[in-house]
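K.L.:
To start, I am sharing the structure in question, which I have written as structure tokens.
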Amino acid sequence: EGGARLTWRVALGRAAEGSKREAGDQRTPVGDYKIAGPARRSRFHRFLPIDYPSRADAELARAEGRIPERDYRRIRSAHARAALPPADTRLGGGLGLHGEGARWRGDSADLDWTDGCVAMSDAEIDFLAARSAPGTPVRIRP
């Protein structure tokens, strides 16, 4: 908690009300995550994966009966190994922080347009990618 904190105005999922509950709901997860791997090129300029679903996401989904015990254990195991959680459960996955790319350039300050990721300008994601190693905490708040 003693490190630098940066805050950006970003674009979230198209269904921005409420936190992500399942794959395909076009919502962005809300809560505490970590960068789960190095930045890579993408159609949205650059992509930084996050460790969604988190342990807390998995615990809540298990308690509510939205995922079976087997998927809960797979998610927990991935976190214990500092690996990317599986994206093939009912909770979905493969989410992260990314730029806009040519198609959405300039839209992220005023429009929620993603399928559940967090989008920012290409310059902002470049800045973040150059300064964030795997394990860097990310707090997503609406």
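The values are calculated or read from the model by the stated rules, or taken from the named source; none is laboratory data. Keep in mind that this is a model prediction, so the values were computed, not measured. Cβ sites come from the backbone with ideal geometry, for glycine too, and all protein chains shown count toward neighbours. Surface accessibility is based on the protein's heavy atoms, side chains included, excluding ligands, DNA and RNA. Shrake-Rupley method; radii C 1.70, N 1.55, O 1.52, S 1.80 Å.
K.L.:
Here is a list of conditions, (1) outside any loop (DSSP other than H, G, I, E, B); (2) modelled with pLDDT under 95, and ARG74 meets all of them except one; can you say which number that is?
P.N.:
Among (1) outside any loop (DSSP other than H, G, I, E, B); (2) modelled with pLDDT under 95, ARG74 violates only (2).
K.L.:
What are the residue pairs meeting all of these: first residue in segment 15-31, first residue within 19 Å of ARG62 (Cβ to Cβ) and part of a loop (DSSP other than H, G, I, E, B), second residue open to solvent by 60 Å² or more (accessible area, probe 1.4 Å) and of a type in the set (Val, Ile, Thr), Cβ atoms under 8 Å, and 6 or more apart or on different chains?
P.N.:
Listed pairs, sorted by first residue: none to list.
K.L.:
Look at segment 113-125 and say how many of its residues are assigned to a loop (DSSP other than H, G, I, E, B) and in contact (Cβ under 8 Å) with a residue 60 or more places away in the chain.
P.N.:
Here the count works out to 5.
K.L.:
Would you point out the residue of segment 8-57, among those that are of a type in the set (Lys, Arg) and touching a Ser or Thr at 6+ places or on another chain (Cβ under 8 Å), that is surrounded by the fewest Cβ atoms within 10 Å (Cβ to Cβ)?
P.N.:
Looking at residues that are of a type in the set (Lys, Arg) and touching a Ser or Thr at 6+ places or on another chain (Cβ under 8 Å), I get ARG9.
K.L.:
Considering (1) crowded, with 17+ Cβ neighbours inside 10 Å; (2) out of contact with any helix residue (DSSP H, G or I) (no Cβ under 7 Å at 6 or more places or on another chain), say which one THR136 fails and leave the rest.
P.N.:
Unmet condition: (1).
K.L.:
In segment 89-129, which residue that is farther than 23 Å from ASP32 by Cβ and open to solvent by 60 Å² or more (accessible area, probe 1.4 Å) is modelled with the highest pLDDT?
P.N.:
ALA123
K.L.:
Right, here's the next one. Test ASP110 against the stated conditions and say whether it is within 18 Å of the chain's Cα centre (by Cα) and either not in a loop (DSSP other than H, G, I, E, B) or not small (Gly, Ala, Ser) (or both).
P.N.:
no
K.L.:
Could you figure out which of (1) open to solvent by 20 Å² or more (accessible area, probe 1.4 Å); (2) within 19 Å of LEU97 (Cα to Cα); (3) hydrophobic (A, V, I, L, M, F, W, C); (4) at pLDDT 95 or above isn't true of LEU60?
P.N.:
Condition (2) is where LEU60 drops out.
K.L.:
While we're looking at this one, here's another question. Being free of Cβ contacts under 8 Å to residues at least 40 places away in the same chain and of a type in the set (Asp, Glu) is the filter here, so list the residues in segment 32-58 that pass it.
P.N.:
Scanning segment 32-58 gives ASP51, ASP57.
K.L.:
Got a sec? Which of PRO38, PRO85, PRO49 is within 18 Å of ALA133 (Cβ to Cβ), part of a loop (DSSP other than H, G, I, E, B) and not aliphatic (A, V, I, L, M)?
P.N.:
It is PRO38.
For (1) within 17 Å of LEU12 (Cβ to Cβ); (2) without any contact (Cβ under 8 Å) to a residue 60 or more places away in the chain, each residue gets a yes or a no:
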{"site": "TRP104", "(1), (2)": "yes, no"}
{"site": "SER108", "(1), (2)": "yes, no"}
{"site": "PHE127", "(1), (2)": "no, yes"}
{"site": "PRO137", "(1), (2)": "no, no"}
